[in-house]
Amino acid sequence: MKVLTLFIDMIRPNRLSVFNNEIKVDTPLDISFKNLGGTIFNNCYTPGPDTPRGMSTFYTGVDPHENGCNNRLKWPQFFLKENQQTIFDIFLEKNYKINCFSSPNERVNGLFPDHIDAMDIHNKSSNLQNYLSDLELEEDHFLFISIPDFHLAFDDFGYNKKGEKEAYKLAQSTYDIVFSKFDKNDFDHIFIFSDHGFKFSLERKLEPIEHFINQDRSNILLIHREKQQDTLINNHKLCSIADFFDTYQDILGLKLKTNKSFLSKYERDYIIIEDHLSFQPKINQNIEIWGVVTKEELYVRTLN
């Protein structure tokens, strides 16, 4: 079985027409997602809306307050608890070939679990096209591709509409490289996800503090496509980025005590979200805002 996972850093679903009916103009990615087909999960959330905590949860199926990456400065390579099983270990135990493409800078920060970072499965340069040109899919193959361009464009152009426009262009160009090399039906399963959303600068300035962890930042992109699934459908069940762990086990045919797989009928009653109120690194950075999200509401509390 061949499995492709595309991680697009910081995509905000409610800015996409395929997720939000109030958006009347397709972005370049909307058009690509419609051409791809698959299932859109509209109600998927992250318990930690930043890359270190979101990705630690993706890797382990365990929320940040339990997996060791419990604040914005704790990256998986350096702070994941020892002997914590990861999604990569699941595929390795099944003798899958694994390839990972990511930004070398993010790898230096600690993007991957330490034992996975040390493996010879990563790109040496930032050239995705070159990396994929030498890659041949094997019968049992897990391919993970990280696309940081969306986030980087905002850093370059600002958290405004211009930054968003440029972000879609850059993310789309990387997406196109992947699907110029591979046909979508080369893969039995394709997953596309983000680790968190974002706020425009004006939103951060004008909105009350309790809006800091609303859907703009905590709701994540999630699309799953099975081979030959050419239409785009919606699934509204409440789920978490943590549920990737059970989903990969599910598609590999492993038995689970509680199957939180995206493909199962299981639905969470709630998801707890925790965050900081400042993006700036500081000593003794603590959690200062909490949320509980259900299908009906998002309840938020701060220390005040």
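The values are calculated or read from the model by the stated rules, or taken from the named source; none is laboratory data. Fair warning: this is a prediction, and the values are worked out from it, not measured in the lab. Note that each Cβ is placed from the backbone with ideal geometry, even for glycine, and that neighbours are counted across all protein chains shown. Surface accessibility is based on the protein's heavy atoms, side chains included, excluding ligands, DNA and RNA. Shrake-Rupley method; radii C 1.70, N 1.55, O 1.52, S 1.80 Å.
Only one of these is farther than 18 Å from L221 by Cβ and touching a strand residue (DSSP E or B) at 6+ places or on another chain (Cβ under 7 Å): F33, F41, F79, F88. Name it.
F88
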Item to check | In segment 108-130, the residues that are open to solvent by 50 Å² or more (accessible area, probe 1.4 Å), more than 16 Å from C69 (Cβ to Cβ) and modelled with pLDDT of 95 or more | outcome: V108, A118, M119, D120, N127, Q129, N130
Checklist entry - Does segment 235-248 include one or more residues that are open to solvent by 40 Å² or more (accessible area, probe 1.4 Å) and either touching a strand residue (DSSP E or B) at 6+ places or on another chain (Cβ under 9 Å) or acidic (D, E) (or both)? => result yes
Item to check | Leading residue by the ranking (surrounded by the fewest Cβ atoms within 10 Å (Cβ to Cβ)) among those in segment 262-304 that are in contact with a Cys (Cβ under 9 Å, 6 or more places away or on another chain) and without any contact (Cβ under 8 Å) to a residue 40 or more places away in the chain | outcome: E267
Item to check | Every residue from segment 236-275 that is under 18 Å from the mean Cα position of the chain (by Cα) and either part of a helix (DSSP H, G or I) or among the β-branched types (V, I, T) (or both) | outcome: I241, A242, D243, F244, F245, D246, T247, Y248, Q249, I271, I272, I273
Item to check | Count of segment 185-214 residues which are open to solvent by less than 50 Å² (accessible area, probe 1.4 Å), part of a helix (DSSP H, G or I), touching a residue at least 24 places away in the same chain (Cβ under 8 Å) and within 23 Å of L29 (Cβ to Cβ) | outcome: 1
Checklist entry - How many residues does segment 1-58 contain that are in a loop (DSSP other than H, G, I, E, B), open to solvent by 10 Å² or more (accessible area, probe 1.4 Å) and among the aliphatic types (A, V, I, L, M)? => result 4
Checklist outcome for this item: Going through segment 115-164 in order, the residues found to be small (G, A, S) and outside any helix (DSSP H, G or I) are A118, S125, S126, S146, G158
